[in-house]
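> Can you read through this structure? Questions will come right after.
Coordinate-derived values only; no laboratory data. Because the structure is a prediction, the values reported are computed rather than measured. Using ideal geometry, Cβ is built from the backbone for each residue, glycine included, and neighbour counts are taken over all protein chains shown.
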Amino acid sequence: MSALRHFVIAIASLACATGLVTDRATATTVTVESAADSTLISDPDGAQYALGMAYQIYAGRVGDQGLGTLRRGLIRFDLSTIPAGSVVTSVQLKLYMSATQGPTFNISLHRAQQSWGEGASFAFGGGGTPAQPGDATWVNRFFPGEPWTTPGGNYEPVASATKSVAGIAWYSWATSTRLVSDVQGWLNQPAANYGWFVIGNETTLQSVKRFDSRNSTVNQPQLIITYNPPSANPADVNNDGFVNGVDLAIVLGAWGTSSPTADINNDGTVNGVDLALVLASW
Ligand SMILES: [Ca+2]
Ligand SMILES: [Ca+2]
Ligand SMILES: [Ca+2]
């Protein structure tokens, strides 16, 4: 297989390099607003405060006055406007930081591993207010009786994107392989769309950063997604309107896996049948 694979990749590269493959632009870009957002608030006594409907979300560690407790933001987007079967090519998150203290800190996005809720709790400031039914808290995914497996929430330990934030301004977490993978995964499996944790510096006192939430009247979070809508021909694996070396390379790159995109005939494996389908539609 290796020799064939190298051969077709060489052909595909040659075709691209010589301009034989024209890339018809069918890419679509949409801006999606947050469907839910909130803040987890740690408490030394286990009290459960929440900020489901608050105008802001928080990430980082507060100062001594707040007992040095932690804040973790949560944010989730509704992807239902993107057609099923689309291939996501770029993902950018924009948040408006509306208050800050202390120096520059990194803010990272980590894919949430469990579902969580946004209840009716509302408060000004990052101290929160007693949780309402359905709120995400440090202890519960859904207050009062559905706890996180791990207090503070369960999320992918490797960040999908990281941005250094300084003064009050809009900040963009630029597209990354992981951000694209997160959104593609949610598109493929909407029931597993739990969004991201927004994690700040959890060591330094007064590192906490405040971002406007979807419940704010201005500067709401935005997710900018570029995707190729589904092609009528399933052999057009990347949905760019052509069956060519790019599709072949994707099939070969996923060889032997169960990648739903590259498994053109949906038999559970990316193999010679899928390769034949690409070649037949070339
Ligand atoms: Ca909210
Ligand atoms: Ca294609
Ligand atoms: Ca197959």
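> Using modelled backbone amide H atoms (1.01 Å from N, in-plane), which distant-in-sequence or interchain residues come within less than 5 Å of Q113's amide H?
N154, Y155, E156
> What list of ³J(HN,Hα) couplings, whole Hz, do you get for the stretch 126-136 from phi and the Karplus terms 6.51, -1.76, 1.60, once you set θ to phi - 60° and write x for glycine and proline?
x, x, x, 8, x, 4, 9, x, x, 6, 7
> Another question, then. How big is the charge dipole of the stretch 112-237 about its Cα centre, in debye rounded to the nearest 20, if each Lys and Arg gets +1 on its Cβ and each Asp and Glu gets -1 on its Cβ?
Details: 6 positive and 8 negative charges, 54 e Å.
My answer is approximately 260 debye.
> With everything on Cα atoms, drop me the angle between helix 2-17 and the longest principal axis of the chain, reported from 0 to 90° to the nearest 10.
80
> What order do you get for 133-143, 192-202, 247-257 when each peptide is scored by the mean count of other beta carbon atoms within 10 Å, highest first? It would help to have the intermediate numbers written out before the result.
On the way: 133-143: 23.5, 192-202: 21.5, 247-257: 19.0.
So the order, starting with the most tightly packed, is 133-143, 192-202, 247-257.
> What list of ³J(HN,Hα) couplings, whole Hz, do you get for the stretch 50-62 from phi and the Karplus terms 6.51, -1.76, 1.60, once you set θ to phi - 60° and write x for glycine and proline?
8, 9, x, 9, 5, 6, 9, 10, 10, 8, x, 10, 7
> Then there is this: Percent of alpha carbon pairs in the chain separated by more than 26 Å?
Numbers: 19507 of 39621 pairs.
In whole percent, the long-distance tail amounts to 49.
> Follow-up. Run lengths n ≥ 4 of DSSP H only: what is the helix-derived mean residue ellipticity at 222 nm for the chain, with -39500 (n - 2.57) per run over all residues, to the nearest 500? Before the final figure, lay out each step's value.
On the way: 4 runs with 46 residues, N = 282.
-5000 deg cm²/dmol, from helical runs alone.
> When the Cα atoms of the stretch 133-282 are enclosed in a convex hull and the volume is divided per residue, what value in Å³ results?
Values: hull volume 27.6 nm³, N = 150.
Taking the convex hull of the Cα positions in the stretch 133-282, it is 184 Å³ per residue.
> Right, something else. Quick check on the stretch 47-188: take the gyration tensor over C-alpha atoms, sort the square-rooted eigenvalues as a ≥ b ≥ c, and tell me if it's rounded (a/c under 1.5), prolate or oblate. Before the final figure, lay out the partial values.
On the way: a/c = 1.90, a/b = 1.25, b/c = 1.52.
In terms of gyration-tensor shape, oblate.
> Mind checking the dipole of the stretch 28-228: about its Cα centre, +1 per Lys or Arg Cβ, -1 per Asp or Glu Cβ, Debye to the nearest 20?
On the way: 12 positive and 13 negative charges, 85 e Å.
The dipole of the stretch 28-228 has a size of about 400 debye.
> Along the Cα→Cβ direction, 7 angstrom out, place labels at V158 and Q113. What is the inter-label distance in nm?
Result: 1.4 nm between the two label points.
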